[in-house]
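S.K.: Quick one: the structure is below, questions incoming.
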Amino acid sequence: MLLIECGPGSTRRWPAFGITFERVRGIVVTHHHVDHCADLAPVMFGRNVPDPPVRTPLAMLGPVGHHALIDGLEGLYGSAVMDPLGMREVIELRDGDRRVVGPFTIDAREVLHVAGSLGLRVTCGGRVLAFSGDSGKCPELTALCRGAHVALLECSYPASRATTKHLNTRTAAETAVDAKLSRVVLTHFYPQCDDVDVAGEVRAAGYTGELVLAEDGLVLDV
């Protein structure tokens, strides 16, 4: 099992979906903002709680600075989150990198957010999921999404809020159209989206393919 992002409180939802520490073989974080990586420490701690500790390998992938982040968590929390059995591998991803974790092939592109922020293209069994991470509209994101069976795009703001470091409903639609996507899932809605018709704005901006607005507990096939 491969997890993408590890935001605050996410591990508390694992049991509802049959996710266990033993099943998770990789966690990919696209950037180090707290809403994307706050539960890495609980994962590190949770693997050590059983007696004996979890013995399955875990690849922890992230942008440049990921080693420093994991080292910092170990320095802060000490032995509770360390890796006494040597089962963790920390991997830093740069633009254009490809890594394989079990049956998953992960391609990373640097996108337009903060320095080193990643968008991901994950291939498994011939099916492709593209994930924007946090990103504004940019050629790298469009290229990452092109040909994906499903694209999971952030959509932080309504069209009325111009932004270059995030997508809004208009730029999400434009990205989907430019990448010729047939199936799009939108996520990462900020409160400003609560008072608008997100789907309506995306349609008005020209996207006509399948559109899903993500919510907690959403399950879909790629």
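S.K.: Hey, among V202, V222, V177, which residue is modelled with pLDDT of 95 or more, surrounded by 13 or more Cβ atoms within 10 Å (Cβ to Cβ) and closer than 15 Å to Y157 by Cβ? Spell out how you get there, then give the answer.
M.R.: Values: V222 fails: closer than 15 Å to Y157 by Cβ; V177 fails: closer than 15 Å to Y157 by Cβ.
Testing whether each residue is modelled with pLDDT of 95 or more, surrounded by 13 or more Cβ atoms within 10 Å (Cβ to Cβ) and closer than 15 Å to Y157 by Cβ leaves just V202.
S.K.: Could you tell me whether the range 13-21 includes any residue that is touching a Phe, Trp or Tyr at 6+ places or on another chain (Cβ under 6 Å) and farther than 20 Å from S135 by Cβ?
M.R.: Looking only at the range 13-21, we keep the residues that are touching a Phe, Trp or Tyr at 6+ places or on another chain (Cβ under 6 Å), and these are none.
No, because not a single residue in the range 13-21 is touching a Phe, Trp or Tyr at 6+ places or on another chain (Cβ under 6 Å) and farther than 20 Å from S135 by Cβ.
S.K.: Kindly indicate which of A199, A172 is over 17 Å from the mean Cα position of the chain (by Cα), more than 23 Å from L61 (Cβ to Cβ) and not basic (K, R). Quick ask: steps written out before the conclusion?
M.R.: Working: A172 fails: over 17 Å from the mean Cα position of the chain (by Cα).
Just a single option satisfies the conditions, and that option is A199.
S.K.: Being part of a loop (DSSP other than H, G, I, E, B) and under 20 Å from the mean Cα position of the chain (by Cα) is the filter here, so list the residues in the range 183-196 that pass it.
M.R.: Going residue by residue through the range 183-196, those that are part of a loop (DSSP other than H, G, I, E, B) are 188-190, 196.
H188, F189, Y190, listed by residue number.
Table: residues versus (1) within 19 Å of G116 (Cβ to Cβ); (2) not acidic (D, E).
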| site | (1), (2) |
| --- | --- |
| H33 | yes, yes |
| R47 | no, yes |
| D51 | no, no |
| L73 | yes, yes |
| S79 | no, yes |
| P84 | no, yes |
| L93 | yes, yes |
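S.K.: While we're here: Of all residues in the range 172-202, count the ones that are under 16 Å from E215 (Cβ atoms) and without any contact (Cβ under 8 Å) to a residue 24 or more places away in the chain.
M.R.: Matching residues across the range 172-202 total 4.
S.K.: Looking at V122, is it under 20 Å from D221 (Cβ atoms) and among the hydrophobic types (A, V, I, L, M, F, W, C)?
M.R.: Yes; evaluated as a whole, the condition is true for this residue.
S.K.: Of all residues in the range 1-22, which are surrounded by 15 or more Cβ atoms within 10 Å (Cβ to Cβ) and charged (D, E, K, R)?
M.R.: E5
S.K.: In addition: Scan the range 118-171 residue by residue and report those that are part of a loop (DSSP other than H, G, I, E, B), among the hydrophobic types (A, V, I, L, M, F, W, C) and closer than 24 Å to E215 by Cβ. Break it down into steps so the answer makes sense when it comes.
M.R.: Kept after step one, since they are part of a loop (DSSP other than H, G, I, E, B), are these residues of the range 118-171: 125-126, 132-138, 146-149, 155-156, 158-167.
With among the hydrophobic types (A, V, I, L, M, F, W, C) added as a condition, the list becomes 138, 148, 155, 159, 162, 167.
A148, C155, A159, L167 - these are the residues of the range 118-171 that are part of a loop (DSSP other than H, G, I, E, B), among the hydrophobic types (A, V, I, L, M, F, W, C) and closer than 24 Å to E215 by Cβ.
S.K.: Hey, could you check the range 72-115 for residues that are over 19 Å from G126 (Cα atoms) and β-branched (V, I, T) and say which is surrounded by the most Cβ atoms within 10 Å (Cβ to Cβ)?
M.R.: Once the filter is applied, the top-ranked residue is V111.
The values are calculated or read from the model by the stated rules, or taken from the named source; none is laboratory data. Bear in mind that the values here come from a model prediction, so they are computed numbers and not experimental data. Backbone-built Cβ (ideal geometry, glycine too); neighbour counts: all protein chains shown.
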